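Q: Structure provided below as structure tokens; questions to follow.
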Amino acid sequence: MTFYDLIIIGGGAAGQMAAISAKRNNPNLKIAILDRTFTLGRKILVCGAGRCNVTNIHLDKSIENHYYGANSEFVKSIFSQFSYKDIVNFFNDLGVELYVERKTDIGKLFPVTDQAKTITALLENELKILGIDTHLNTEVVKAIKGPDTFVLDANTLNQEGKAVTTNQFQSKYLIISAGGKTYPALGSNGSGYSLAQSFGHSIITPVPSALPIATKNPLSQELQGVKMELEVTSIIEGNEIKTRTDDVMFTQYGLSGPAILNISREISIHINRENKSNVQVKINFFPGKTANDVKDILGKRWNKRSTLTLEESLFGLFPTKIPAALLKVIGLDKNLPVNKLSEEQINLLVTSLTSYKVEIQATRGWNEAEFTAGGIDTKEVKESTLESKLVNGLYFCGEILDVDGDVGGFNLSWAWSSGNTAGKLKGSL
Ligand SMILES: Cc1cc2nc3c(=O)[nH]c(=O)nc-3n(C[C@H](O)[C@H](O)[C@H](O)COP(=O)(O)OP(=O)(O)OC[C@H]3O[C@@H](n4cnc5c(N)ncnc54)[C@H](O)[C@@H]3O)c2cc1C
């Protein structure tokens, strides 16, 4: 039996931050991170397509508009203790500058090296300097609270992920930061939920979020591989829910790209948690413009060059594959001269260009989702400390909690801030 003051289950972004925070705040504590994979922070490495979108410049401005699940007071309470500025200062102090990507106004921050590896390397340095033990390939399968301490059973896993031996660990305090369920190959496979449940905690059914969607629409079939900035709106049971403008990728199975990922949360909850259907996505090929605006735009083009065919007249507005494909699926002859279009045909075209609706059949799965919506019910967790309301000395942080944010650095921000707060062990020390 190995004894520690604090054990952290899961060494992702949240768990590593919790360990650093705990040791900086309480230098005398003997701390260990237990992680089921062969290295810490594997999910950090895939963040931002390997560049790691660490945080977002808009983080402090309107938390309630960027986070879901827990009520906004809960989330605000955590960010008030470790804010956007603190996250930036933390990484500057570790040794890397962050810069704001100016390509869009989303406000994403990346390390100046544009390498997620920089982030994991600097965190690892800090854990080493602080003397935090890490036990890799160590999967916690059981956790109980005795009279004074937590007792954990952990399997040592071989390269194939098979248990070879079982060890026991004991600790005064326990932080569970085992992540959600997405990309299970990178470590977080949902086993943290069972550990939390064994302490009596309730789980809001986790569903994959920020993921592509499957649709049976002829346009995706025609446009496989085409990417374009579009405005997309989720429509659930006839109500428009969320609109985002960003890149959309047409794929063989349906739709992907950041705009789709950003509207997928509510769609996934409706389909995967509530087992309902009747979901559509509306596509506007002219973001921010109405059908009348588009009628004007096209009218001007057609007056100037009235002998062009309908397809030719749309070149320059979209990637060249789009006009023929769209005209085909809405049943307009691409060779029609624009000066021969009827009012009815014009209306069909502008309506399709501004509100082309596709029926959603399903979301893609856990292996394609960036994060989890759902998790440990935050009603059972103290909002100032992240300590369990049910078990003294037990804390949670990161994606395992029922908190998820928008794409753009908000989920790592949650991991850093909640990790920092949980690590203080406020309430216990
Ligand atoms: C492809 C992709 C791209 C992303 N890009 C971004 C981005 O650019 N910006 C952003 O903000 N967010 C991004 N995210 C989301 C972000 O990565 C996560 O929200 C964040 O890393 C969660 O951190 P965490 O520490 O809570 O969980 P995780 O990183 O999942 O860490 C949990 C750890 O716990 C370990 N573990 C689980 N169960 C056990 C157990 N029983 N015993 C021992 N160890 C266990 C796992 O091995 C894992 O190391 C992305 C996610 C994906 C999948």
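Q: Whether any residue in the range 400-411 is within 24 Å of PRO287 (Cα to Cα), within 16 Å of the ligand (Cβ to nearest atom), assigned by TED's automatic domain parsing to the domain that holds SER194 and open to solvent by 20 Å² or more (accessible area, probe 1.4 Å) is what I want to check.
A: Yes, the range 400-411 has at least one match.
Q: Here's something else I'd like to know. Would you list the strands (runs of 3 or more DSSP E) that sit entirely within the range 362-409 and hold 2 or more residues that are under 30 Å from THR251 (Cβ atoms)? It would help to see each step written out before you state the result.
A: Working: elements: 371-376, 394-396, 403-405.
Answer list for the range 362-409: 371-376, 403-405.
Q: Could you run through the range 376-399 and say how many residues are surrounded by fewer than 24 Cβ atoms within 10 Å (Cβ to Cβ), within 18 Å of ILE8 (Cα to Cα) and of a type in the set (Val, Ile, Thr)?
A: 2
Q: Just need a number here: residues in the range 203-234 that are β-branched (Val, Ile, Thr) and open to solvent by 10 Å² or more (accessible area, probe 1.4 Å).
A: Matching residues across the range 203-234 total 4.
Q: Right, something else. Take the conditions assigned to a helix (DSSP H, G or I), over 26 Å from VAL281 (Cβ atoms) and out of contact with any Pro (no Cβ under 8 Å at 6 or more places or on another chain) and apply them to ASN339. Does it pass?
A: Yes, satisfied.
Q: Checking the conditions here, which among THR233, THR182 is part of a strand (DSSP E or B) and either within 18 Å of GLY375 (Cα to Cα) or free of Cβ contacts under 8 Å to residues at least 60 places away in the same chain (or both)?
A: Result of the check over THR233, THR182: THR233.
Q: Something else now. Hey, GLU237 hits all of (1) open to solvent by less than 50 Å² (accessible area, probe 1.4 Å); (2) within 25 Å of PRO206 (Cβ to Cβ); (3) among the acidic types (Asp, Glu) but one; which does it fall short on?
A: (1) is the only condition that GLU237 fails.
Q: Sticking with this one: For the range 218-236, does any single residue satisfy the condition of being of a type in the set (D, E, K, R), under 15 Å from ILE360 (Cα atoms) and in the same structural domain as LEU326 (by TED's automatic domain parsing)? Spell out how you get there, then give the answer.
A: Step one: filter the range 218-236 for residues of a type in the set (D, E, K, R), giving 222, 227, 229, 231.
Subsequent filtering for residues that are under 15 Å from ILE360 (Cα atoms) retains none.
No, the range 218-236 contains no residue that is of a type in the set (D, E, K, R), under 15 Å from ILE360 (Cα atoms) and in the same structural domain as LEU326 (by TED's automatic domain parsing).
Q: Please state which of the following conditions GLU73 fails to meet, knowing it meets all the rest: (1) open to solvent by 30 Å² or more (accessible area, probe 1.4 Å); (2) assigned to a loop (DSSP other than H, G, I, E, B); (3) away from the ligand (no atom under 16 Å from the Cβ); (4) farther than 19 Å from ALA13 by Cβ.
A: (2)
The values are calculated or read from the model by the stated rules, or taken from the named source; none is laboratory data. All figures in this text were calculated on a predicted structure; none of them were measured in a lab. Every residue, glycine among them, receives a Cβ derived from its backbone with ideal geometry; neighbour counts consider all protein chains shown. These accessible areas exclude ligands, DNA and RNA; they are computed on the full protein's heavy atoms, side chains included. Shrake-Rupley method; radii C 1.70, N 1.55, O 1.52, S 1.80 Å.
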